[in-house]
Structures are given as structure tokens and as C-alpha cells.
Amino acid sequence: VRPRTEEASSSTFGHNTIDAVPNIDFYRQTAAPLGEKLIRPTLSELHDELDKVSEPFEDGFANGDELTPAEEAAAKEAAESKGVVKFGWIKGVLVRCMLNIWGVMLFIRMSWIVGQSGIALSCLIVAMATVVTTITGLSTSAIATNGFVRGGGAYYLISRSLGPEFGGSIGLIFAFANAVAVAMYVVGFAETVVELLAVNALMTDQTNDIRIIGTITVILLLGISVAGMEWEAKAQIFLLIVLITAIINYFIGTFIPVKAKESVGFFGYDSAIMWENMGPNFQGETFFSVFSIFFPAATGILAGANISGDLADPQLAIPRGTLLAILITGIVYLGVAVSTGSCIVRDATGNVNDTLSSQFITNCTDAACKFGYDFSSCKNTKCDYGLQNDFQVMSMVSGFGPIITAGIFSATLSSALASLVSAPKVFQALCKDNIYPGLGMFAKGYGKNNEPLRGYILTFGIALAFILIGTLNTIAPIISNFFLASYALINFSVFHASLANSPGWRPSFKYYNMWVSLAGAVLCCVVMFVINWWAALLTNVIVLGLYIYVSYKKPDVNWGSSTQALTYHQALTHTLHLSGVEDHIKNFRPQCLVMTGYPNSRPALLDLVHSFTKNVGLMICGHVRTGYRRPNFKDLATDQSRYQRWLLKNETKAFYTPVFAEDMRQGSQYLLQAAGLGRLKPNTLVLGFKNDWRDGDMMNVETYISMIHDAFDFQFGAVILRLKEGLDVSHIQGQVFFCWCCLYVCVWWTCMCGFADKRSPTVPLNVSDQRLLEASQQFQKKQGKGTVDVWWLFDDGGLTLLIPYLLTNKKRWKDCKIRVFIGGKINRIDHDRRAMATLLSKFRIDFSDITVLGDINTNVTAFEELIEPYRLKEDDMEQEAAERLKNSEPWRITDNELELYRAKTNRQIRLNELLKEHSSTANLIVMSLPLARKGAVSSALYMAWLEVLSKDLPPILLVRGNHQSVLTFYS
């Protein structure tokens, strides 16, 4: 049962009704904080003819009450007391990414890279890797902030953007790569331990010792992981402290020259050494082979995103932690490259007796000669020391060598631990989505944190299998390519989502560019082939095979992809079914059936709708042709071809669809039922305001209002446009055509007379025609720095907010700011403003201001004059006569109806006053369309509401969605 409150004294707008105000809980996919899920009233509940007992609550806000601040605090405290461990951006993302990016490469390979490629090219190698990871980090941040991110890391980000085919393919190999990466890091740790034990301390032989130590190590790491995320996070913090201490220890050591270290090539900072090491000196290597050795160090940028489900605020933590980690680690790598190249020579013998004799001083040109050492013998025979020869050179340089060894242990163990946690999390998310049905058993989680214990066991088994091999030199490039394939698809996801221009693509992280993301995807692919061309081919074959398998199986998922966000161009060749609730919300586009008649007869209506449907939605120009004679279908086909060409010539991406019918209502029903095909089917009816409703036959008003009722019956949204100063786009084909003719005559006359008379006389339009012409063109020009005022008074699912968002993303409207006006309670206006700001931020919609309106009810009698001609006045006649008159003229307003809806009537009057007060200078007003219950509110009364609400205002768009969510804050 939907919770409701019936305290009129504190209700929104000072009146107790059931039409709900916007509420964040309506858009959640889980229960509300206190256990009851709040659901907005459905369109049927508000619109269909129901029991008259519910009429006093016809259209208000009893359902819209939010929790008080005290209730919210209590709910939050109750949720947090359940013991679920959630991490912030430092512990959850920054620490993990730094530990993974630094890794073992920092201590045992960076100095060798400098010796091979020199300081300049080493910095270039680090810069190239950093560029790739930075672009990927920006793309990851964009996807992570495009809604709430659940667990699953890279798999979740890719699958929710590119669909289950790419997501399932990458998810499986990414989880596998992380599992094998555990073995890589553990073997690196074991090799270091074995080197320390090499002097008379080996248990069997070197290979078997690596296997034994590696097995013991991975068992201990598994124990830490299974103990829970909190223990694992504490271990990561401890390892980071050790690692940072080792780095600081190294840099301190570079400033402490020791005489005993000179024979092994360390002389302290010197310009001669720096200059000598500036250029490359490749020995059996090339630039790209050295780059391929270094790049795996940069594959840890997703370590934080991989535990997205365990982050307190993934949208904040992932961008901040990932990008800061890339920056810090990049600076450290550059610092190590410059420092090692500035104080250590490339080759050294380690012999303290290799000094210069006085008679040979003039023949020595190496930098070591400056310090009295002659290492020229290294040019003929391989030496054991120096940048190119000693992998442990950083340990030698440091102030205290064992700390560097501890740093190596910390780097390897922390990376192994992070991968051991990441792989099961990604694999669990993949299995939960049932992409591969046979793997469903691994989806089960245990404990308060839903720990994937089965996934841990599987990861342990894979890692142990590769540890027992003892060497991973062959498989390592494939793992790097698996990571790079993931990075390439993340970048491509951002490019594709931006290119598709999906309304659901609204990342709050703005520092990304679709073309930069595309360049990042290409760079990742290039790096894959640079590292190892056959491994890159193998990776692509595996991804393609898994893609084909998932495509063939067609898993039953409900979140869709950006590939299903069709554009107008694809509308001619594609028809897709709606793949589920989440996909419907995420990729929802206003597909508009616009009742234009002939397309050129309502130019303002056409231009405005085209502004927010161009390239992102479907627009059908509906035309109902009526008549009692036999329809000429040949003429209909001719007109359809003619006006479709007119739309194309005017660069309006729309379809012209005429139908013959006996009356307007029947024709609109035909269009509502039959227009469109499959996914490309209208979901929103757009009408011009009927300005002449008081001047013509009231049956036309009955038909007009019935068209709106029919749209709601078909679960369509409804939009009504009224132009400024009563100028509307309805029924003006002849007038607009006349205005254009006059304009052409003026231009022709000016040009012709300009040759004969310098005064260039013109034939001016009269005032009425000039205003009509300006009204028809007002949405064709750039709108400038104005405002689009959104009066989101009732929660219709978000269409009232989505349309102005789409408008302001277009070139003509991009300089306009969105101002939001909402209904609130007089005694909690500040709270309502904060609640709306929170909701808009979750929707990733920019706004310039939020205004909360209190009690908007008022008692105004001028409305009586407007409706006087349409009242039934049943009290002044016999009941039988009153019933006959009501049946023959159903638009008549009964006294009972007028009294029943007096509060709502007064509300429309008061809203008009507020609109004039706050939005008189707006470029466009977008406002919630008031609902009238079918069969209970007469056409004349409803039309009077619309009239009094929208009169004497800038262009106003009255919008009512079908009360199904079209906005989401889920990714």
C-alpha cells in the first residue's frame, strides 16, 4: 500500500491531494529507507473515472510527503548500523590504484629502462603510458558518473554502455586476467625471496622454491581476502605505507654520495652523468620493446573501479581517486627516471681498483672518468653493475637497502591482493547478470558485504595453476592485452554514447571529449600490437568469439545499451524491441506525434519539437483530413510525398503521416494506435493550444480535450504549446502563407525600386500579420542568454524535466539556463530546495536556480466571468431538462463540478500570477500540465483551467508524462 499523509495543514501547496510532487524515492530501484517503497500515482489513478469518494483528493500531494530531516538521519543511521563496509575515495580507490600502478616495475625495471632508452625517451615512455591511462581514466570517470554504479567494475561500466555482448566478452577475460595477474605478482614476490635465499638457503632448486613460496603466499592472501574487505583494506594501507617509505628512502639515498658505491656506478647528481644518459643506448632492445616492458606497470588504473560495489560514493570516488593516482604515480615514475639517470652511470665493473692512471686521463671521455674511474672494459665484456645491468640498483642507491626490498614485497603483495579481490567481484557481477548460464553458481554472495567466496576459490585455483608453472614470460603479454582491450572498450563506450547522443547519457563529470576517447581507444589498440602482435590478435579473436557466443545466446537482460539509442537516420532501417525497464528509462527519448496538419501550417510548433527531437528522437507530423465525401487516396499519397519532400528540403527530420477520418478525434485515434513501428513508435502527443475555443463550436473543444484524454488512455505523454500574447500555431496556415507572400513582395519591391530610387520604398505588413510572422519564426533563431523556466509541480516520471534538458543541449538553446520551480511546504522550504537539488544532481542535470513555492491557493472571482457562458446551471431547471442539456452539450459545467474543483481552479489562477511574477522574461516556460479526471471534469472547465493558467505569458509548454520514469540516476 502506498504510504499517504492526510494532514492538510502541512501539505504541499497548502492543499491535500494525490498527484505527487517530485520525490527521489520514485526513481529508486530499491525500497525506501524505512522499508516502504514510495510509488507515484499512476496515470490511470489520476485520469480514469474512479469512485467519486476519491474526488476531493483529485489532484494533489498527499503522496508526495518526504521524510523530515530527523527521519532521514534516523534511516541513514539504521542503514549504516547494519555493518556493511563501504570505502571512501582514498582507501577504496586512490590507495588501490597507486599500489597497482607502482607495482614491482618501479624498483626493479625502471632503472633498466633508463639505461636502455635514456632519460629523454624514458620520460617519453612514461608520458605515453600516462596519456593512455589518463584518457582511459577520464572515460572511466564519465561512465562512472553517468548514474549510480553498482559492483562489477570494468564489466559493469562496459556492459551498461555497450550492452551484454561486449560486456560479457570483456567481463570474462578481464576477470580471468585479474586472476592470472595474482599469479604474476606472487611469482614476482617469490622470485625476490628466492634471490635473497640464493646463498646456501634454497630448499630444493630455484624453480621449485618459487612454486613453494608462491603457493604459501597465495594461501595467506586468500585468507586475508576471505576474512573480509575491511581486513583487506587495512592490509593495503599497511603495504602502501611501506611502499611510500621505500620510495622516500630511495630519493633520500640519491642525495647521500657514498665512496664505497662509486665502483658500482653511483656518484650522486652530476650534469655530466645526466647529459651522458640523456640519449638512448639500446642493447638488444628497441624503443617499442622497452615500452612494452614498462606498460604493464600502468594497467592498475581500474583497481578502484573494480570494487565499485564496495564504495560509499562511486560517482565521487572513482574519478577523484583514479585520476589523482595516475597523476601521483606518473610524477613518481618521471622522478625516478630523471634521478636514476642523473646520478648512476650505465655500466660499472664493481671493482674499486678500476681507477684512472695519470697517463691515460686525456683518453677517457665517459662521465665516470670525471670521478677517477675507468669502466671502459664494459664496452667489450658485460658488466654486472650500472643502470643497464643491475636490476637492484635502486636498492643499492637507497639510504637503507632492506627498505627497498620491503618496498618490492609491498608492491608485489599489494598488487596481488588487489587482483585477488577484483577478479571475484567482477566475476560475481558477470554471473549475476546470467550472461553465461553455466556460471550462475558463482553469483552467490555471503555475509553482510555479499562476499563472492566461490569466486575467491575459483580465482585461487586459477592463480595457483599458473604459479605452479613457475614462469609467466609467455602469458604476461596476453594479460596486458586483456587489460588494454578493456581500456579500449571503455574509451569506445564514451565515444559511442556521445555520438549516439542518448538522452540517458548525462555524466556529471564534464572533463571528457568524445574524440579524445576515440583517440584513446585507438591508442589502446595500437599499444596492444606494439607490446605483442600475436598476443593482440589472440586477444581480439577471444573477444570476438565470446561476442558471437553472447550475441547468439541473446541473454535476457533489461538494461540495454547505447547501441539501441537509435537516431533519425537509423529509423529508416532499424526496428528494435524495448529490452526492459532499465533500458527504457536509460535510453528514453520523446518520440513525438505532432498534430501539425500540413507541416508548413504550424511552423513554431514544428521548430520547437524539432529542436529537442533532432538526432535524438522521432517526430511524426500527424494530419487528420476530414470530410463526408469518399476520400481520394491518390491525393493523400501525393500530399504525403510532397510534404515529405518539403520536410527534407527544410532540413526537418520528421515523417509526414496523413489519415482520412470522419472527425478529428477518430483520426487522432488512428494515429495514436498505428503511427510508427516497433521501437520507433510515438510516446508523446504534441498539440498547439486552441486559442479560438470560446469563438467556435464547443463540440470542437470537446474533440480537442478528448484527444488529450485518448493520449493518456494510450499511455502517451501530452504536450501543449501556447505562444506569447495569444498567438498560437493552430489554424494559421493561410495567414502564415499570406505573411510570407507579403514578405517576398516587400523584398522584391525593395530590390526593384532600389535601382530607380535610393529611398528603396517597402510595403510594410500590418501589425497583426507582423506579429503572426514573428511568432512563426521565434524558435528558428538562436535564443541567446536567457532562461528556460521549468515549473515541475507534479511528478510525471520526469518528462517535464527531460524536454528542457534536451532543448538546452541544442545549439540554439545552449546559452539558456534552466531554472526549476517546485511546490513545497511553507514550513520546510529550505528542506524541499535541498531535496530537489539532490535529485537534480543525481539526474546529472545542470540548473542555475531552484525556487520553492509555498501555498498557491487563492480565492479569485474573475474566473466566473470566463466560464459563465458554459455553465449548466442545473439548479435553475428541472432535473430531467438538465440531464438532456448535459447529454447534448457535454462541455457544460455543472454547479457540483465547479464547487468540487474550486480549489484546483483557484490554484490555476494563482499559478498564473506566480508565472507572471517569476517567469515573465523567460525564453520558454515548461510547466506540468494539470490533469482532469475523465468523465468528471467537463471540457469547458478543463479548457478554462488551461486558458487562465497560460494567458499573457511567454511561450509556455504544458507537459505531462505518462507517469513511468523516463529519468534515472542508475548507470
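The values are calculated or read from the model by the stated rules, or taken from the named source; none is laboratory data. A quick note: this is a predicted structure, and the numbers were derived from the prediction, not measured. Ideal geometry is used to build each Cβ from the backbone, glycine not excepted, and the neighbour counts take in all protein chains shown. Quick note on the areas: whole protein, heavy atoms, side chains included, nothing else; ligands and nucleic acids left out. Shrake-Rupley method; radii C 1.70, N 1.55, O 1.52, S 1.80 Å.
Among the candidates Ile845, Ile850, Ile818, which residue alone is among the β-branched types (Val, Ile, Thr), in contact with an Asp or Glu (Cβ under 8 Å, 6 or more places away or on another chain) and over 26 Å from Thr703 (Cβ atoms)?
Working: Ile845 fails: in contact with an Asp or Glu (Cβ under 8 Å, 6 or more places away or on another chain); Ile850 fails: in contact with an Asp or Glu (Cβ under 8 Å, 6 or more places away or on another chain).
Among Ile845, Ile850, Ile818, only Ile818 is among the β-branched types (Val, Ile, Thr), in contact with an Asp or Glu (Cβ under 8 Å, 6 or more places away or on another chain) and over 26 Å from Thr703 (Cβ atoms).
Step by step: first the residues of segment 792-828, then only those that are among the hydrophobic types (A, V, I, L, M, F, W, C) and touching a helix residue (DSSP H, G or I) at 6+ places or on another chain (Cβ under 6 Å), then the one that is surrounded by the fewest Cβ atoms within 10 Å (Cβ to Cβ). Which residue is that? Can you show your working first?
Initial filter on segment 792-828 (among the hydrophobic types (A, V, I, L, M, F, W, C)): 792-794, 799, 801-803, 806-807, 813, 816, 818, 820-822, 826.
Checking the rest, the ones that are also touching a helix residue (DSSP H, G or I) at 6+ places or on another chain (Cβ under 6 Å) come to 792, 803, 806-807, 813, 816, 818, 822.
Working: Trp792: 25, Ile803: 29, Leu806: 20, Leu807: 23, Trp813: 23, Cys816: 23, Ile818: 22, Ile822: 24.
Checked segment 792-828; the qualifying residue surrounded by the fewest Cβ atoms within 10 Å (Cβ to Cβ) is Leu806.
Give me the helices (runs of 4 or more DSSP H) completely within segment 892-962, filtered to those with at least 1 residues that are touching a Phe, Trp or Tyr at 6+ places or on another chain (Cβ under 8 Å), open to solvent by less than 10 Å² (accessible area, probe 1.4 Å) and not assigned by the TED database to the domain that holds Pro590, ordered by residue number. It would help to see each step written out before you state the result.
Working: elements: 895-900, 902-919, 939-950.
Per the criteria, 902-919, 939-950.
Run down Phe295, Phe287 and say which single residue is in contact with a Ser or Thr (Cβ under 7 Å, 6 or more places away or on another chain), in contact (Cβ under 8 Å) with a residue 60 or more places away in the chain and open to solvent by 10 Å² or more (accessible area, probe 1.4 Å).
Unique residue meeting the criteria: Phe287.
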Response to the item:
Note: among Val218, Val226, just one is open to solvent by less than 20 Å² (accessible area, probe 1.4 Å) and either at pLDDT 80 or above or β-branched (Val, Ile, Thr) (or both), namely Val218
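Yes/no per residue for (1) farther than 25 Å from Arg722 by Cα; (2) modelled with pLDDT under 85:
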position	(1), (2)
Glu864	no, yes
Met877	yes, yes
Arg892	no, no
Arg907	no, no
Leu911	no, no
Glu917	no, no
Val926	no, no
Ala932	no, no
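Return the only residue of Ala423, Ala406, Ala411, Ala418 being surrounded by fewer than 24 Cβ atoms within 10 Å (Cβ to Cβ) and aliphatic (A, V, I, L, M). Explain how you work it out, then say what you get.
Details: Ala423 fails: surrounded by fewer than 24 Cβ atoms within 10 Å (Cβ to Cβ); Ala411 fails: surrounded by fewer than 24 Cβ atoms within 10 Å (Cβ to Cβ); Ala418 fails: surrounded by fewer than 24 Cβ atoms within 10 Å (Cβ to Cβ).
Only one candidate qualifies: Ala406.
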Worksheet entry | Residue that is farthest from the chain's Cα centre (by Cα) [pool: residues in segment 163-190 that are under 18 Å from Val543 (Cβ atoms) and open to solvent by 30 Å² or more (accessible area, probe 1.4 Å)] | Phe176
Worksheet item: Among (1) part of a helix (DSSP H, G or I); (2) touching a strand residue (DSSP E or B) at 6+ places or on another chain (Cβ under 6 Å), which single condition is Phe821 missing?
Response: (1)
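Looking at Leu316, Leu323, can you tell me which residue is surrounded by fewer than 18 Cβ atoms within 10 Å (Cβ to Cβ) and part of a helix (DSSP H, G or I)? Full working, then the answer.
Values: Leu323 fails: surrounded by fewer than 18 Cβ atoms within 10 Å (Cβ to Cβ).
Unique residue meeting the criteria: Leu316.
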Worksheet entry | Selection status of Ala303, surrounded by fewer than 17 Cβ atoms within 10 Å (Cβ to Cβ) and in contact with a Lys or Arg (Cβ under 8 Å, 6 or more places away or on another chain) | no
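Only one of Leu636, Leu648 is open to solvent by less than 50 Å² (accessible area, probe 1.4 Å) and either more than 22 Å from Thr703 (Cα to Cα) or assigned to a helix (DSSP H, G or I) (or both); which? Quick ask: steps written out before the conclusion?
Values: Leu648 fails: open to solvent by less than 50 Å² (accessible area, probe 1.4 Å).
When all the criteria are applied, what remains is Leu636.
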Discussion item. Looking only at segment 326-360, filter to residues that are part of a helix (DSSP H, G or I) and free of Cβ contacts under 8 Å to residues at least 60 places away in the same chain; which one of those is farthest from Lys261 (Cα to Cα)?
Written reply: Leu327
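Which one of Gln669, Gln715 is at positive phi, open to solvent by 20 Å² or more (accessible area, probe 1.4 Å) and in contact (Cβ under 8 Å) with a residue 24 or more places away in the chain? Explain how you work it out, then say what you get.
On the way: Gln669 fails: at positive phi.
Being at positive phi, open to solvent by 20 Å² or more (accessible area, probe 1.4 Å) and in contact (Cβ under 8 Å) with a residue 24 or more places away in the chain holds for just one of Gln669, Gln715, which is Gln715.
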Discussion item. Suppose we filter Asn532, Asn501, Asn481 for residues that are surrounded by fewer than 20 Cβ atoms within 10 Å (Cβ to Cβ), closer than 24 Å to Thr140 by Cβ, touching a residue at least 12 places away in the same chain (Cβ under 8 Å) and of a type outside the set (A, V, I, L, M); which single one remains?
Written reply: Asn501
Item to complete: Could you pull out the residue among Val397, Val393 that is in the same structural domain as Phe251 (by the TED database), at pLDDT 85 or above, over 17 Å from Ile119 (Cα atoms) and open to solvent by less than 40 Å² (accessible area, probe 1.4 Å)?
Response: Val397
Worksheet item: Within the bounds of segment 865-879, is there any residue that is open to solvent by 10 Å² or more (accessible area, probe 1.4 Å) and of a type in the set (Val, Ile, Thr)?
Response: no
Worksheet item: Give me the pairs: first residue in segment 128-154 and over 15 Å from Cys97 (Cα atoms), second residue acidic (Asp, Glu) and at pLDDT below 95, beta-carbon distance under 8 Å, and six or more apart or on different chains, which are they?
Response: Gly151/Asp310
Worksheet, complete the sentence: Restricted to segment 675-690 and to residues being out of contact with any Pro (no Cβ under 6 Å at 6 or more places or on another chain) and at pLDDT below 90, the residue nearest to Asp952 (Cα to Cα) is Lys681
Worksheet entry | Among residues of segment 253-272, those that are in contact (Cβ under 8 Å) with a residue 40 or more places away in the chain and within 11 Å of Phe371 (Cα to Cα), counted | 8
Response to the item:
Of (1) more than 22 Å from Tyr456 (Cβ to Cβ); (2) buried (at least 23 other Cβ atoms within 10 Å of the Cβ), Val193 satisfies every one except (2)
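So, Ile822, is that one touching a Pro at 6+ places or on another chain (Cβ under 9 Å), assigned by the TED database to the domain that holds Thr838 and without any contact (Cβ under 8 Å) to a residue 40 or more places away in the chain or not? Step through it out loud before you land on a result.
Working: touching a Pro at 6+ places or on another chain (Cβ under 9 Å): yes; assigned by the TED database to the domain that holds Thr838: yes; without any contact (Cβ under 8 Å) to a residue 40 or more places away in the chain: no.
No: the conditions fail for Ile822.
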Discussion item. Criterion first (assigned to a helix (DSSP H, G or I) and either open to solvent by less than 70 Å² (accessible area, probe 1.4 Å) or within 30 Å of Phe26 (Cβ to Cβ) (or both)) does Asn887 satisfy it?
Written reply: no
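For segment 123-135, state whether one or more residues are in contact with a Pro (Cβ under 9 Å, 6 or more places away or on another chain) and either closer than 17 Å to Ser292 by Cβ or open to solvent by 10 Å² or more (accessible area, probe 1.4 Å) (or both). Break it down into steps so the answer makes sense when it comes.
Pass one, segment 123-135, residues in contact with a Pro (Cβ under 9 Å, 6 or more places away or on another chain): none.
No, that holds for no residue.
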